[in-house]
1. Residue check, residue 78 against (1) within 18 Å of residue 127 (Cα to Cα); (2) at pLDDT 90 or above, all met but one. Which one?
2. Which number in (1) in contact with a helix residue (DSSP H, G or I) (Cβ under 7 Å, 6 or more places away or on another chain); (2) farther than 14 Å from residue 40 by Cβ; (3) modelled with pLDDT of 90 or more marks the one condition that residue 132 misses?
3. Please identify the pairs in which a residue from region 39-56 that is touching a residue at least 60 places away in the same chain (Cβ under 8 Å) and at positive phi has its Cβ atom under 7 Å from the Cβ atom of a residue that is assigned to a loop (DSSP other than H, G, I, E, B) and surrounded by 15 or more Cβ atoms within 10 Å (Cβ to Cβ), counting only partners at least 6 apart or on another chain.
4. Does residue 49 satisfy the condition of being within 30 Å of residue 129 (Cα to Cα), over 23 Å from the mean Cα position of the chain (by Cα) and at pLDDT 85 or above?
5. Determine which single condition residue 5 fails, assuming it passes every other condition in (1) exposed (fewer than 10 other Cβ atoms within 10 Å of the Cβ); (2) under 16 Å from residue 134 (Cβ atoms); (3) modelled with pLDDT under 90.
């Protein structure tokens, strides 16, 4: 009886030490870059003009810069900087820096739970001609 109790204690101790020595699994890293496209419905308002937006392409780079392409009757390109919170359900913050419209403003990009597909995109700002710019887009 004494031998089996000692074996149990030694075996349990070795098992516990082995579990403590194993490396911890890598915790999920924050978003470092993204390339995503989405088909859906949205509107882009520039001053008094309203455009229907059917597709959005978002490219966020590791250096914190990004490019947004809006497909309407035309294609509009906007550059931005971005920052992602630890919890992506809060949305990715965008700050417009330039583009075809020379827009200044900010926006939010929301992703699906997988973190790879666009759910919605909203932007508010103004152009260099002081026209108000607003985008509301929801993916299918």
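1. Failed condition: (2).
2. Of the numbered conditions (1) in contact with a helix residue (DSSP H, G or I) (Cβ under 7 Å, 6 or more places away or on another chain); (2) farther than 14 Å from residue 40 by Cβ; (3) modelled with pLDDT of 90 or more, the odd one out for residue 132 is (1).
3. 47/131
4. yes
5. Every listed condition holds for residue 5 apart from (2).
The values are calculated or read from the model by the stated rules, or taken from the named source; none is laboratory data. The model shown is predicted, which means the values in this text are computed figures rather than measured ones. So basically every Cβ, Gly included, is an ideal-geometry build from the backbone, and we count neighbours across all protein chains shown.
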